[in-house]
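Input: a single structure, listed below in structure tokens.
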Amino acid sequence: MASLQPLTALGRREATTVTHGPLTISERTDVALASVAARNGRAADLAKAAQKADVPLPGPASHQQGTPYSAFWTAPEMWFVEAPYASHELIVDLLKSALADTASITEQTDAWVAFDLSAHDLTRLLERLCNVDFAARPTGYATRTVMEHLGVYLIKHGPGAARLYGPRSSAESLLHAIETAAHSVW
Amino acid sequence: MIIHHPILGPRDAQEFVYLGDANLIDRPDGMVAGVEVFHDYLYNRTNPAGEHQELWYHEQGDRSWLVVTRNTVTHEITRVELARDVARARRRTK
């Protein structure tokens, strides 16, 4: 059998980290991701099963941190669930056995590129990239928005910390857009 | 133009895609209601100068369908509801 080497979304062996001035952009390859959508009329059953399995299901436009599962809201009765890749590579199987037939679960890990942005304050960077009023939003805010014509999820972990999920096939373009915006700020 | 999304609050209209008359929700059963009714559903639209119910899709957001009640003369938006809720209230099953 062929010996295959896993590549990151940017086509490299190791996760990429870029710094520019106070900004650090870190590609995250250690996150397992799955979408969880309540089956028709089963939202209450899903909430019960998720509580038992320690899967947070936060309210609209928010992210909830947990161990091992964190999650953010993506649409009515639908969430993205994050977990450490090392322990939860098979996140779909794990969630399916926990949530059974209350939800439809889809593997998302390799559909996205994840970037953690960190700087003292990300407001001036993000106001160049998207229409989200980052400064006015609370920590734990999560939304879908558009950056450089790419649909992305933006999660605010603090005034100087955010995570971005962008389409994996456009990883280079998204990184380029962030770098370009960073060069005009700092 | 700002659309007050029932779940996400005020959002810029550029995040949305416009589909058209919200009567699209009320699709008749063409096999039962007859061809005239279905033809009417498919091709004919009232085009009111005034209050109008229309379908908008939150493409750059949570991808929900909304029924927006908008005045086509003044562009004032008086009501925004999830299309799902409207369809259920009208007893549409799909």
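Throughout, read-outs are computed from the coordinates displayed, never taken from laboratory work. Because the structure is predicted, anything quoted here is derived from the model rather than measured. Cβ placement follows ideal geometry from the backbone for every residue including glycine, while neighbour counts extend to all protein chains displayed.
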Legend entry - Counted charge near B:A33, where neighbours are those whose Cβ lies closer than 13 Å (Asp, Glu -1; Lys, Arg +1): -3
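Ranking request for peptides B:2-15, B:37-50, A:26-39: highest mean number of other beta-carbon atoms within 10 Å first, then the rest in descending order.
On the way: B:2-15: 15.2, B:37-50: 11.0, A:26-39: 19.1.
Packing order, densest peptide first, comes out as A:26-39, B:2-15, B:37-50.
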Legend entry - Paramagnetic reach from A:T19 in region A:106-120 [backbone N under 14 Å; point 7 Å along Cα→Cβ]: A:118-120
Legend entry - Distance between modelled label sites at A:Q65 and A:D110, nm, 7 Å Cα→Cβ extension: 3.1 nm
Legend entry - Mean residue ellipticity (222 nm) of the protein assembly as shown, computed from DSSP H runs ≥ 4 via -39,500 (n - 2.57), nearest 500: -6500 deg cm²/dmol
Legend entry - Nearest-20 debye value, the protein assembly as shown charge dipole, Cβ charges on Lys, Arg, Asp, Glu: 460 debye
Inset, instruction - Report ³J(HN,Hα) in whole Hz for each residue of region A:79-96, in order, from the Karplus equation J = 6.51 cos²θ - 1.76 cosθ + 1.60 where θ = phi - 60°; Gly and Pro get x. - result: 9, 9, 10, 10, 7, x, 5, 4, 9, 10, 4, 9, 4, 5, 4, 5, 6, 5
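Before anything else, pin down the relative contact order of chain B: Cα pairs under 8 Å, at least 6 apart, normalised by residue count, whole percent. Please report the intermediate quantities before stating the final value.
On the way: 142 pairs, mean separation 24.1, N = 94.
Result for chain B is 26 percent.
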Inset, instruction - Assign unit charges at the C-beta atoms only (+1 for Lys and Arg, -1 for Asp and Glu), then state the dipole size of chain B relative to its Cα centre in Debye, rounded to the nearest 20. - result: 340 debye
Legend entry - Using θ = phi - 60° and Karplus 6.51 cos²θ - 1.76 cosθ + 1.60, couplings along region A:101-107 (whole Hz; Gly, Pro as x): 9, 7, 9, 9, 10, 10, 4
Legend entry - Top positive-direction residue, dipole computed over the protein assembly as shown with Cβ charges, set A:P138, A:L122, B:A83: B:A83
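Using 0.36 nm per residue of separation minus the Cα-Cα distance, give me the extension gain between B:N71 and B:R84 in nm, one decimal. Display every interim value, and only then the final one.
Numbers: separation 13, 0.36 × 13 = 4.68 nm, distance 2.18 nm.
Net length gain for the segment: 2.5 nm.
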